[in-house]
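One structure is given here, and the rest of the page talks about it.
The values are calculated or read from the model by the stated rules, or taken from the named source; none is laboratory data. Remember, predicted model here, so these are calculated numbers, not experimental data. Reconstructed Cβ throughout: ideal geometry from the backbone, glycine too, with neighbour counts over all protein chains shown. These accessible areas exclude ligands, DNA and RNA; they are computed on the full protein's heavy atoms, side chains included. Shrake-Rupley method; radii C 1.70, N 1.55, O 1.52, S 1.80 Å.
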Amino acid sequence: MLAALRHGREEAFEQLVRLYGGRMLAVARRFLRNEEDARDAVQDAFVSAFKAIDRFAGNSRLSTWLQRIAINAALMKLRSKSRKPETSIDDLLPKFRDDGHPLRAPLPWKEDFDALIQRSEVRALVRERIDQLPEPHRTVLLLRDIEEFDTEHTAKLLGISTAAVKTRLHRARQALRTLLDHHFRGDAA
Amino acid sequence: MTCREFSEFLSDYLASELPAEARQAFQQHFDECPTCIDYVKSFESTIRLGQCVCTHPDDPVPQDVPEDLVKAILAGRKKLK
């Protein structure tokens with residue numbers, strides 16, 4: 001397929017879109033909470049891929065290369081959106097007394113955790129809670145914990161320092177834990 | 001070490017990125033503080049949840065691309081030529 005793409009064969013480009021477009025759309029939807037934006041990002045990603053196909057060195061799989069382009073396009077889209085004032089993450093972080101002890105001791109979470117995540121409604125709930133995180137924190141969580149990019153690569157993609165990536169990731173995990181606590185702790189229905 | 005400090009550096013601890021001395025203090029607090037043990041378990045579960053809900057085998061990635069999107073992408077390519 002790669003040779004056909006490099007020769008500019010139309011049917012190869014269509015095959016590429018049909019083969020990998022669904023996966024790229026799924027990736028874009030993770031980052032962009034709006035379907036129209038996700039579709040725009042996939043279109044932009046394919047334009048970038050078509051332009052760069054001659055430079056694809058084949059070191060990674062074509063699907064991985066396209067996925068990275070889709071993530072870049074989604075991040076560009078996020079940056080270009082008019083910035084809404086973000087809700088502060090502070091309310092979702094653990095609270096402590098002056099002596100360093102927690103304001104409220106955390107309750108242990110349910111033990112049947114592995115069984116819980118088999119339920120589709122539980123997975124939908126977790127995805128909803130991830131979407132509730134403030135944008136800069138949600139993006140770092142997606143890049144680090146879900147796409148599994150390392151700290152340096154994440155920092156480069158976002159144009160921020162590695163220290164900022166680490167802080168945002170930690171805050172995002174703490175906040176997500178708070179958002180899920182009500183549903184997963186032992187006394188939850 | 002207090003529970004606040006423990007909480008603040010938890011991600012660094014889990015990623016084994018703490019200097020040896022801090023790691024030792026961290027471990028000591030962890031061994032003695034049931035509150036933090038519960039917090040760590042739920043924190044680790046949170047990370048796992050985030051990872052598996054986006055890649056769970058029962059939530060297959062849709063392979064189909066909406067037809068209008070395919071057409072728009074291919075039309076965009078023609079403009080490039």
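Some notes on this structure:
- 1.4 Å probe, heavy atoms, protein only - residues of segment A:46-74 losing at least 40 Å² accessible area vs chain alone: A:Phe50
- Positive dipole terminus of segment B:3-80, leading residue within B:Cys36, B:Ser16, B:Val70 (C-beta point charges): B:Val70
- Computed in the context of the full set of protein chains, the accessible area of chain A at 1.4 Å probe radius has 48% of its extent on carbon or sulfur.
- Per residue, chain A reaches -20000 deg cm²/dmol at 222 nm when only DSSP H runs of four or more residues are counted, each adding -39500 (n - 2.57).
- Kyte-Doolittle at least 0.0, axis length at least 24 Å by Cα - qualifying DSSP helices, chain A: A:62-80
- Per residue solvent-accessible surface (Å²) - segment A:83-184, probe of 1.4 Å: 54 Å²
- Solitary cysteines of chain B, where the nearest other Cys Cβ is not under 4.7 Å: B:Cys3, B:Cys52, B:Cys54
- Multiplying the residue separation of A:Phe56 and A:Glu152 by 0.36 nm and subtracting their alpha-carbon distance yields 32.3 nm.
- Taking the chain by itself as reference, segment A:122-137 contains these residues with an accessible-area loss of 50 Å² or more in the full protein complex (1.4 Å probe, heavy atoms): A:Arg123, A:Arg127.
- Potential extension, A:Arg104-A:Ser120 segment - 0.36 nm per residue separation minus Cα distance: 2.7 nm
- Segment B:35-58 versus segment B:8-34: alpha-carbon centroid distance in Å: 19 Å
- Averaged per residue, segment A:2-80 has 50 square angstrom of accessible surface, using a 1.4 angstrom probe with ligands and nucleic acids left out.
- Pairwise burial A:B, computed as accessible area of each alone minus the pair, summed, 1.4 Å, Å²: 4500 Å²
- The accessible area of A:Ile89, taken with all protein chains in place and a 1.4 Å probe, comes to roughly 20 Å².
- The slack between A:Phe96 and A:Ala3, meaning 0.36 nm per residue of separation minus the straight C-alpha distance, is 27.4 nm.
- Annotation: lysines with alpha-carbon distance below 17 angstrom to B:Lys41 (same-chain offsets under eight excluded): A:Lys110.
- Those lysines that a straight Cα-Cα span of less than 28 Å connects to B:Lys79, excepting residues fewer than 8 apart in one chain: A:Lys51, A:Lys77, A:Lys81, B:Lys71
- Among the trypsin sites (Lys or Arg not before Pro) found in segment A:103-189, those both in a DSSP coil and sparsely packed, with 11 or fewer other Cβ atoms within 10 Å of their Cβ, are A:Arg104, A:Arg119.
- Dipole moment magnitude, nearest 20 debye, chain A about Cα centre, only Lys, Arg, Asp, Glu C-beta charged: 360 debye
- Loop GluC sites (Glu not before Pro), segment A:14-100, which have at most 12 other Cβ atoms in a 10 Å radius of their Cβ (DSSP): A:Glu86
- Cut-off 16 Å, label 7 Å out along Cα→Cβ of B:Lys78, residues of segment A:4-46 by amide N: A:9-15
- Relative compactness, chain B, computed as alpha-carbon Rg over 2.2 N^0.38 Å: 1.96
- Taking the three principal axes of the alpha carbon atoms in segment A:135-180, the coordinate ranges are 30, 18, 15 Å, sorted in descending order.
- Carbon-plus-sulfur accessible fraction, chain B (probe radius 1.4 Å, protein heavy atoms only): 53%.
- Shape parameters for chain A, alpha-carbon atoms, Rg then Dmax in Å: 19.9, 69
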